[in-house]
Amino acid sequence: MNEYVLNHPLITHKLAILRDINTGTKEFRELVTEISTILVYEAMWDAKLEETTIETPLEKMDAGMLNEDNYAIVPILRAGMGMVDGVLNVIPNAKIGHIGLYRDEETFEPVEYYYKMPEGIGDREVLVVDPMLATGGSASATISRLKQDGVSKVKLLCIVAAPEGIKCIEDDHPDVKIFCATVDRELNENAYILPGLGDAGDRVYGTK
């Protein structure tokens, strides 16, 4: 099993507000950013540090530092953009790529319409971000596309996941770790997560 679920009282509290139909756009965005920051802390537990020497006000010392240029964030448009600031709070110099996918409403299959990655993407560790992991089709297609570009280290960060989406990623990409705030019950007949939080993109951008 490659999923890591953040079972923490603060996450549970923030998720409850995030799910609430009465939560407004501003607060929804802020909560997505806050939860994303906590997710990336968890996802970076195995980050490799480079040894360097620094000087404190009192003396020199050896220290470990993260080479942020080794990382890229890839949000799945458009809802994934809501998580970018949360990741940048922790890795501010990470490069950002973009992939645009929409779900065919009849087949539920992802259709790519945009793809732009930073130079040297194949040499970076990539954090794919999307608030909702429903069927897993878009996330799986994104990871496959990145692997075509030579990316070998991918982690998937999402806020709410469905069991069906987790299984899709584990079947298609068993090497990819999934970090999520919670795993919900199931998908409905329209492939929306239950109980879920609605359409994350609409709620981030206030389009409904």
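The values are calculated or read from the model by the stated rules, or taken from the named source; none is laboratory data. Note that the structure is a prediction, hence the values are computed from the model and not measured. Positions of Cβ are generated from backbone atoms using ideal geometry, with glycine treated the same way; all protein chains shown enter the neighbour counts.
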Checklist entry - Of the residues in region 1-33, how many are touching a Lys or Arg at 6+ places or on another chain (Cβ under 7 Å) and buried (at least 18 other Cβ atoms within 10 Å of the Cβ)? => result 2
Item to check | Members of region 40-69 found to be surrounded by 11 or more Cβ atoms within 10 Å (Cβ to Cβ), within 22 Å of residue 121 (Cα to Cα) and touching a strand residue (DSSP E or B) at 6+ places or on another chain (Cβ under 6 Å), listed by number | outcome: 43, 67
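Per-residue answers, yes or no, for (1) hydroxyl-bearing (Ser, Thr, Tyr); (2) over 14 Å from residue 198 (Cα atoms); (3) outside any helix (DSSP H, G or I):
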| position | (1), (2), (3) |
| --- | --- |
| 4 | yes, yes, yes |
| 11 | no, yes, no |
| 14 | no, yes, no |
| 17 | no, no, no |
| 28 | no, no, no |
| 32 | no, no, no |
| 38 | no, yes, no |
| 42 | no, yes, no |
Checklist entry - Just checking, which of 135, 142 is of a type in the set (Ser, Thr, Tyr), assigned to a helix (DSSP H, G or I) and in contact (Cβ under 8 Å) with a residue 40 or more places away in the chain? => result 142
Checklist entry - Got a sec? Which strands (runs of 3 or more DSSP E) wholly within region 64-132 have at least 1 residues that are touching a helix residue (DSSP H, G or I) at 6+ places or on another chain (Cβ under 7 Å) and more than 26 Å from residue 202 (Cβ to Cβ)? => result 71-77, 125-129
Next on the checklist: Quick check on residue 193: is it farther than 28 Å from residue 25 by Cα and surrounded by 16 or more Cβ atoms within 10 Å (Cβ to Cβ)?
Outcome noted: no
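Yes/no per residue for (1) modelled with pLDDT of 95 or more; (2) touching a strand residue (DSSP E or B) at 6+ places or on another chain (Cβ under 7 Å); (3) aromatic (Phe, Trp, Tyr):
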{"position": "105", "(1), (2), (3)": "no, no, no"}
{"position": "161", "(1), (2), (3)": "yes, yes, no"}
{"position": "189", "(1), (2), (3)": "no, no, no"}
{"position": "200", "(1), (2), (3)": "no, yes, no"}
